[in-house]
Amino acid sequence: MNKSKHTEPLLSTQQAADLLGVSLRTVQLWVEKGALDAWKTPGGHRRVTQSSVERLLLKNQTQPVDNSVRILLAEDDELLKQLYSLQIESWGLPISLQSVTNGIAGLLKIGEWAPQILITDLQMPELDGFQMIRELKLSSRHENMKIIVVTALTDAEIAAGGGLPDTVQLMRKPLLFSDLKDRLEKLLQELR
C-alpha cells in the first residue's frame, strides 16, 4: 500500500496486535499473507490500516452461532489430513472441522476462525507445530483453546524442539482413531 494514496488512520503492528488480541508475530504473518493491509515506513516499520484491523475483528465477531465446536487440524501430509477429516467427520460429533498444512496457515486460520480445539503435528514446513504453539501461547486470546499434538517424535526429540506447554495434550503416531475420538468427546464435554 502506498502511504500517499490513503488518508485513513494507521496503526503500528503492536497496536494492531493489542486490538486483535494476538502476538506481534501473528500480525506480521497476517500482513505478509495479505490478511491485513499495511505498508512499510522508510525506516522499515509496518503501518497497518485501521480499517483492515476492524474488518478482521468484525469477521471474528460475526461467526455463525451454532452448537458445533470448531476444530482446526494442522497436518502437512495430505493423505493423513484426508484420513483425519474422513474419520472425524464420520463420528457424528457436533463439530465443524477445517484443516491447514503448516503453522503459518494455522495461525492465519486461527485468527480468522477462532477454533476451540487445535489438532496439530509438530513437524511441518514453513512454521512447525512447536513455533505455532509458542505464538499461540503469547496471546491471552487463545488461552482457552484446547491443543492436541499428534506426533511420532520421541520425548527427547520433543525436548530438543523446545518442549510443549503442560496444557498441551500429547498423542503418539501411529494414532488409534478410537483414542482420538475418546479424547475429542471428553474435550467437547469440557467445552459445553
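Per residue, the accessible area of the stretch 41-137 comes to 46 Å² when a 1.4 Å probe rolls over the protein heavy atoms. The amide H of MET124, built 1.01 Å from its N in the peptide plane, has GLY129 as neighbours under 5 Å, considering only residues 5 or more places off or on other chains. A DSSP coil position with no more than 11 other Cβ atoms inside 10 Å describes none of the GluC sites (Glu not before Pro) in the stretch 40-129. Remark: the stretch 8-19, residue by residue, has Karplus-estimated 3J(HN,Hα) of 6, x, 10, 10, 6, 5, 5, 4, 4, 4, 4, 5 Hz, where x stands for each Gly or Pro and the curve is 6.51 cos²θ - 1.76 cosθ + 1.60 at θ = phi - 60°. Across every pair of non-identical alpha carbons in the chain, the mean reciprocal distance, once inverted, gives a Kirkwood radius of 17.8 Å. Sequentially through the stretch 68-75, phi angles give Karplus couplings (6.51, -1.76, 1.60; θ = phi - 60°) of 7, 8, 7, 10, 10, 10, 10, 8 Hz, Gly and Pro residues having no value and appearing as x. Sequentially through the stretch 92-99, phi angles give Karplus couplings (6.51, -1.76, 1.60; θ = phi - 60°) of x, 6, x, 10, 10, 10, 10, 9 Hz, Gly and Pro residues having no value and appearing as x.
Treating the angle as unsigned and between 0 and 90°, give the value, to the nearest 10°, between the Cα long axis of helix 78-90 and the longest Cα principal axis of the chain. Tilt of helix 78-90: around 70 degrees. Under 16 Å from a point 7 Å along the Cα-to-Cβ line of ASP77: which residues of the stretch 167-192 have their amide N that close? Backbone N within reach: 171-178, 180.
For the chain, the dipole from Cβ point charges (+1 on Lys and Arg, -1 on Asp and Glu) about the Cα centre works out to 660 debye, to the nearest 20. Here the chain exposes an accessible surface that is 49 percent carbon and sulfur, computed with a 1.4 Å probe and the other protein chains kept in place.
What is the angle, in °, between the Cα long axis of helix 24-33 and the longest principal axis of the Cα atoms in the chain? Nearest 10 is fine, range 0 to 90. Computed tilt is about 80 degrees. When LEU180, LEU164 are compared by accessible area at a 1.4 angstrom probe, the order from most to least is LEU164, LEU180. The magnitude of the dipole of the stretch 149-190, with charges of +1 and -1 set on the Cβ of Lys/Arg and Asp/Glu and taken from the Cα centre, is near 140 debye.
For all pairs of alpha-carbon atoms in the stretch 48-133, what percent lies in each bin of width 5 Å, listed from the first bin to the last filled one? Final binned percentages: 3, 14, 22, 21, 18, 14, 6, 2, 0.
The values are calculated or read from the model by the stated rules, or taken from the named source; none is laboratory data. Since the model is a prediction, treat every value here as computed from it, not as a measurement. Cβ atoms come from the backbone with ideal geometry, glycine included; neighbour counts cover every protein chain shown. With ligands, DNA and RNA removed, areas are computed over all heavy atoms of the protein, side chains included. Shrake-Rupley method; radii C 1.70, N 1.55, O 1.52, S 1.80 Å.
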